[in-house]
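The values are calculated or read from the model by the stated rules, or taken from the named source; none is laboratory data. These numbers come from a predicted model, not from an experiment. Cβ placement follows ideal geometry from the backbone for every residue including glycine, while neighbour counts extend to all protein chains displayed.
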Amino acid sequence: MNLDEHIGILVRNAHLNISSYVKKQLEPFNLAPEQNLIMMMLWKKDGISPNEFSCDLNKDKANIARMIASLENKGFIKREDDPSDKRTFKVYLTEEGKRLENLVVPILRETNKTVMNGITDDQFLVLQNLLTKMSTNTLGGNKL
């Protein structure tokens, strides 16, 4: 099997290319692509626990803690004690973080259009199903 036929290499290269492109688009906003995922979650629902970020983004808690600290240092988010659980906190957008949404979301829409250029809705649905199936297969869904 040639390397360019190996699915892992194809998916990895697509991921690296897309990530690099997204990183360039987000640079003017001082946001890394992974930090942007946290911001996107907060733009949908403000007040999220680190555990929710960890589960939804499939990232370990230490990685999430670093991203939260970085976004907090940039002034985009703030931590507040969780009144229902004193052992943890929730993350909320600051006014600056809320303003950032109006700047970043249009860039993300354009970025998505660029990445999806020439790909039909049907093709995207097939891709989505295939990637989901591959993920399920590697989580023990199918054994050879």
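Of note:
- Filtered by the rule that a residue be surrounded by 12 or more Cβ atoms within 10 Å (Cβ to Cβ) and either among the basic types (Lys, Arg) or closer than 22 Å to LEU16 by Cβ (or both), the stretch 100-111 gives VAL104, ILE107, LEU108, THR111.
- Condition check for LYS78: touching a strand residue (DSSP E or B) at 6+ places or on another chain (Cβ under 8 Å), within 27 Å of PRO28 (Cα to Cα) and of a type in the set (D, E, K, R): yes
- Filter pass, ASN58 being out of contact with any helix residue (DSSP H, G or I) (no Cβ under 9 Å at 6 or more places or on another chain), at pLDDT below 95, of a type outside the set (Lys, Arg) and more than 14 Å from VAL104 (Cβ to Cβ): yes
- With respect to the conditions (1) at pLDDT 95 or above; (2) under 14 Å from the mean Cα position of the chain (by Cα), GLU27 lacks only one, and its number is (2).
- Subset of the stretch 1-33 that is under 17 Å from ILE68 (Cβ atoms) and touching a Ser or Thr at 6+ places or on another chain (Cβ under 9 Å) - its residue that is surrounded by the most Cβ atoms within 10 Å (Cβ to Cβ): ALA32
- Annotation: of all residues in the stretch 34-46 being part of a helix (DSSP H, G or I) and among the charged types (D, E, K, R), the one that is surrounded by the fewest Cβ atoms within 10 Å (Cβ to Cβ) is LYS44.
- Within the stretch 91-126, tally of residues that are of a type in the set (Ser, Thr, Tyr), touching a residue at least 40 places away in the same chain (Cβ under 8 Å) and touching a strand residue (DSSP E or B) at 6+ places or on another chain (Cβ under 6 Å): 1
- Some residue of the stretch 47-70 being surrounded by 16 or more Cβ atoms within 10 Å (Cβ to Cβ), charged (D, E, K, R) and assigned to a helix (DSSP H, G or I): no
- Unmet criterion (only one of (1) in contact with a helix residue (DSSP H, G or I) (Cβ under 6 Å, 6 or more places away or on another chain); (2) of a type in the set (S, T, N, Q); (3) loosely packed, with under 11 Cβ neighbours inside 10 Å) for THR138: (1)
- Looking only at the stretch 77-113, and only at residues there that are acidic (Asp, Glu) and part of a strand (DSSP E or B), the one that is nearest to GLN35 (Cα to Cα): GLU80
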